[in-house]
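Engineer: I have a structure here, written as structure tokens, and I will follow up with some questions on it.
The values are calculated or read from the model by the stated rules, or taken from the named source; none is laboratory data. What you see is a predicted model, and the numbers here were worked out from it, not measured in a lab. Every residue, glycine among them, receives a Cβ derived from its backbone with ideal geometry; neighbour counts consider all protein chains shown.
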Amino acid sequence: MGLRSRLGRARDAWSSHLATVRASEMVDERTWQELGDALILADIGVSTADELLSEVRQRVGREGVDDVDGVLDILKSVLVDRLGGADRSLALGGQPSVWLFVGVNGVGKTTTIGKLGGREAAAGRHVVFAAGDTFRAAAADQLSMWADRAGSPMVSGAEGADPSSVIFDAVEHAAARGAELVLADTAGRVHTRSNLMDELAKVRRVAEKGSGTVTETLLVIDATTGQNGLTQARQFAEVAAVTGIVLTKLDGSARGGIVVAVQEDLGIPVKLVGVGEGADDLVEFDPVDFVDALFAADVTA
Amino acid sequence: MFESLSSRFEGVLKRIRGKGRLGPEDVEEFLGELRVALLEADVHLSVVRDFQDRIRERAVGVEVSGALNPGQQVVKIVLEELTGVLGGETHRLTYASRPPTVVLLAGLQGSGKTTTAAKLARWFKAQGRNPMLIGADLQRPAAVEQLRTLAARIDVPVFSEATDPVSVARAGLAEARSLGRDVVICDTAGRLAIDDDLMAEVADVAAVLEPHHTLLVIDAMIGQDAVNTAEAFHARLSLDAVVLTKLDGDARGGAALSVKEVVGRPIAFASTGEALEDFEPFHPDRLASRILGMGDVETLIEKAEETFDQAEAEAAAQRLMDGTFTLDDFLEQLKALRKMGPLSNVMGMVPGMAQQMKGVETEVDERRIDRIEGIIHSMTPGERTDPDVIDGSRRARIAAGSGTQPNEINQLVRQFREMRKMMKQMGGSGGPGRRGRKAKGGKGRKGGGGRTTARGPAPIDKKKGLSLPGLGDPAGGGFGGLDLPGGGPTDRM
């Protein structure tokens, strides 16, 4: 099931905001202002919104579009163009491959690993879970419940143990048993804590000390995240060579527009989207569906 | 926190503060910049508009009046409005006349409810209460385990059972009564504001608990959705206050403004770190001054008092402000500061520090501090008093002694000089030490400006005025700082 059908139950076609834009036949300054507002309310950010709209204005002028629907279509296609074209596949090829999950506290790293592990195991891959969050109380317990559901082994250490060594052990465990994939959890950390960011850089290095290769480092970002998301992405990319974004909690009223700026500024594509708490509520990112949902209205179930 | 909003404000205000009279176009330019600044800080669009309107109304046509020039008056207006939006006073949790006092926590997934529950329990314990926790998050795997682990660290009992949240709440409350606990804190599962079933469920939990305080836990990093979330939870639960978490990051936390403005409920507590003690009552007045780059003097002083004694603090602050401190003092400062918690938290509280430190040293890394300590320990007393005597051979000796590189010693000495110079300038314009100590004085000096704090009015040296180190030019040129006559703008804070 794709993002569109997943969000279908939560989102209607157009928000009331854009409904007023659409109700007016003429494209005037008010139209542009309301489009700008819609973008800002989706957390796309002022500067990205301004950039987008100036590009849309140019195209509208060039193409001689004079109806509101036409303008909206151009805005959507500009957004889709900007998000499109990226490689969103999750790379394998290591012996084993390690997918490392990083992000600030509470974004949904453990839950994402749980869902993804279930999916990969169901696809016939031999998966090992690495409980690299040794800081948060009971984080390993949480992950082990997901590992059990997936029928996959989990390697963990004591609370407060060195996360690098836990992940290293998991990689060796996987290598010894011929498992192809290690899904490595890490503790949530605020990107301004340089000691914790150094720790993460070490985790990334040590994960490749043995036989494994880190083929994906996925930054998990919560859809409610505001403009700070860009700073987060920049900092995590710097220390851990982030290869993709997982956008979680997109089934709520938040739009996750900050990922537009993240992909624009840092060239890091969104690869997966979390749309619920269930085991299969993790779907591939689809730019067209995402852009549609960006402007859709919430419908209370 | 809020550094970026501060610096943005400073840039805008710098441009208009020297003007003798503000035309509508000056005000509009200012409002435009203010809009971008607030939106980048994640303040909700509608709140930004209201904020702009209120300032426009008051700022257009402002003329020189008394000691304040128009630019200064706009500063005053912004400060007043900001304080107004954030809430005029600190929210206090009252206790029920018939215990237990019941606190219900609700919020989105990942906002930090479970950690907040434990932090709140620790806080109540420190107030001399006997809290009990109820783990009603049966949704997230191991959430109750997490709560139990945290509660064990602070020796607080937890009630939970594998039934359903409403039953857990009911049984938990009965348990608290039978155990004679006087405060009950109930953790709940994270839920989306648009999930009708789960929102109904938390309302059922609230109906059973009849909480005295219903707190919405909100992540400081949240964007425009803060308003939807707060409104939806408020509609269901009739919130009493908000807890703002993860303020230790660099998120600008505009949600604090939005939530207060839209649901009219104050922020009661702020969480500023991962440790259970990184949690404190929220002071809106302090946050408003912080947004404007004035620094959070009161919090700094309070923290300092908790950690080392007042006399020591005063003496150290005095030397710091006089610019006569040595590397030995610096070492002492580092040790004292480290006792106060993560350095990045402390630095943010020093007025203007966020700004001043920009070009100097913004990265406060605990491990680097270890190296700095090592370097200073390897110096002779003479070198510590006057680092200028350090030449090539001394440098090599110190490097060998501390296991560092000679260029690190150069760097330290250079930064030390910079810092001494900067502190001296700040001291000269009425920096934190002075104001902080006077804040203890209690009574305002006659004729001085009135900076009324939670601890009583604190006088401001009239000659020097209330300098906003981030706003004013520390060297004293140009605007120099706000000269506030009696009854100045900070009265409301």
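Engineer: Whether any residue in segment A:250-261 is basic (K, R) and more than 18 Å from A:L52 (Cβ to Cβ) is what I want to check.
Structural biologist: The answer is no; no qualifying residue exists.
Engineer: While we're on this one: Enumerate the pairs (first residue in segment B:136-150 and closer than 15 Å to B:A169 by Cβ; second residue anywhere and assigned to a helix (DSSP H, G or I) and hydroxyl-bearing (S, T, Y)) with beta-carbon separation below 8 Å, excluding pairs fewer than 6 apart on the same chain, so at least 6 apart or on different chains.
Structural biologist: Between residues of segment B:136-150 that are closer than 15 Å to B:A169 by Cβ and residues that are assigned to a helix (DSSP H, G or I) and hydroxyl-bearing (S, T, Y), the close pairs are B:D137/B:T114; B:A143/B:T114; B:L147/B:T114.
Engineer: Look at segment A:75-99 and say how many of its residues are in contact with a strand residue (DSSP E or B) (Cβ under 6 Å, 6 or more places away or on another chain) and not in a loop (DSSP other than H, G, I, E, B).
Structural biologist: Count: 3.
Engineer: Checking the condition at pLDDT 95 or above, crowded, with 24+ Cβ neighbours inside 10 Å and touching a helix residue (DSSP H, G or I) at 6+ places or on another chain (Cβ under 6 Å), which residue from A:V127, A:V166, A:V171, A:V155 passes?
Structural biologist: Answer to the check: A:V127.
Engineer: Here is a further query. For segment B:247-263, name all the residues that are more than 7 Å from chain A (Cβ to nearest Cβ), surrounded by fewer than 23 Cβ atoms within 10 Å (Cβ to Cβ) and under 20 Å from A:D43 (Cα atoms).
Structural biologist: B:K260, B:E261, B:V262, listed by residue number.
Engineer: Take the residues in segment B:118-130 that are part of a helix (DSSP H, G or I) and away from every other protein chain (no Cβ under 12 Å), then tell me which one is surrounded by the fewest Cβ atoms within 10 Å (Cβ to Cβ).
Structural biologist: So the residue we want is B:A126.
Engineer: Pairs only if they're at least six apart or on different chains, beta carbon under 6 angstrom, first in segment B:222-246 and surrounded by fewer than 24 Cβ atoms within 10 Å (Cβ to Cβ), second part of a loop (DSSP other than H, G, I, E, B) and of a type in the set (S, T, N, Q); list them, first residue then second.
Structural biologist: B:N228/A:S253
Engineer: Residue by residue through segment A:179-219, note down the ones that are touching a His at 6+ places or on another chain (Cβ under 7 Å) and either on the phi > 0 side of the Ramachandran plot or in a helix (DSSP H, G or I) (or both).
Structural biologist: Matches in segment A:179-219: A:M197 only.
Engineer: For segment A:162-185, state whether one or more residues are touching a strand residue (DSSP E or B) at 6+ places or on another chain (Cβ under 7 Å), closer than 23 Å to A:V104 by Cβ and within 14 Å of chain B (Cβ to nearest Cβ).
Structural biologist: yes
Engineer: Then there's this: Going through A:D265, A:D222, A:D292, A:D286 one at a time, which residue ends up being within 12 Å of another protein chain (Cβ to nearest Cβ) and in contact (Cβ under 8 Å) with a residue 24 or more places away in the chain?
Structural biologist: The unique qualifying residue is A:D222.
Engineer: Quick one: is A:A38 assigned to a helix (DSSP H, G or I), hydrophobic (A, V, I, L, M, F, W, C) and within 11 Å of chain B (Cβ to nearest Cβ)?
Structural biologist: yes
Engineer: Then there is this: For B:G223, state whether it is of a type outside the set (A, V, I, L, M, F, W, C) and either touching a His at 6+ places or on another chain (Cβ under 6 Å) or within 14 Å of chain A (Cβ to nearest Cβ) (or both).
Structural biologist: So B:G223 passes the test.
Engineer: Now a separate question. One residue is enough: does segment B:236-249 have a residue meeting the conditions in contact with a His (Cβ under 7 Å, 6 or more places away or on another chain) and under 18 Å from A:T224 (Cβ atoms)?
Structural biologist: Yes, because at least one residue in segment B:236-249 is in contact with a His (Cβ under 7 Å, 6 or more places away or on another chain) and under 18 Å from A:T224 (Cβ atoms).
Engineer: From the list B:V242, B:V208, B:V217, which one is more than 8 Å from chain A (Cβ to nearest Cβ), part of a helix (DSSP H, G or I) and more than 14 Å from the chain's Cα centre (by Cα)?
Structural biologist: Every option except B:V208 fails the conditions.
Engineer: OK, next. Can you tell me which condition B:G112 does not meet? The list is (1) within 14 Å of another protein chain (Cβ to nearest Cβ); (2) in contact with a Gly (Cβ under 8 Å, 6 or more places away or on another chain); (3) free of Cβ contacts under 8 Å to residues at least 60 places away in the same chain, and all the others hold.
Structural biologist: Unmet for B:G112, out of (1) within 14 Å of another protein chain (Cβ to nearest Cβ); (2) in contact with a Gly (Cβ under 8 Å, 6 or more places away or on another chain); (3) free of Cβ contacts under 8 Å to residues at least 60 places away in the same chain: (3).
Rundown of residues vs (1) of a type outside the set (V, I, T); (2) modelled with pLDDT of 60 or more; (3) in the same structural domain as B:G273 (by TED's automatic domain parsing), yes/no style:
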| position | (1), (2), (3) |
| --- | --- |
| B:E332 | yes, yes, no |
| B:E361 | yes, no, no |
| B:R368 | yes, yes, no |
| B:I375 | no, yes, no |
| B:I409 | no, yes, no |
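Engineer: A follow-up question, please. Of all residues in segment A:231-245, which are within 13 Å of another protein chain (Cβ to nearest Cβ), buried (at least 20 other Cβ atoms within 10 Å of the Cβ) and farther than 14 Å from A:L196 by Cα?
Structural biologist: A:A233, the sole residue that qualifies.
Engineer: Answer with yes or no whether A:L72 is within 17 Å of A:V259 (Cα to Cα) and part of a helix (DSSP H, G or I).
Structural biologist: no
Engineer: Select from segment B:131-153 the residues that are within 12 Å of chain A (Cβ to nearest Cβ) and outside any helix (DSSP H, G or I) and list them in ascending order.
Structural biologist: Answer for segment B:131-153, where residues must be within 12 Å of chain A (Cβ to nearest Cβ) and outside any helix (DSSP H, G or I): B:G135, B:D137, B:Q139, B:R140, B:P141, B:A142.
Engineer: Still on this model: Considering (1) at pLDDT 75 or above; (2) away from chain A (no Cβ under 14 Å); (3) under 25 Å from B:L244 (Cβ atoms), say which one B:D42 fails and leave the rest.
Structural biologist: Only one criterion is unmet by B:D42, namely (2).
Engineer: Would you mind stating whether A:G132 is in a loop (DSSP other than H, G, I, E, B) and assigned by TED's automatic domain parsing to the domain that holds A:R193?
Structural biologist: When the stated conditions are applied, A:G132 passes them.
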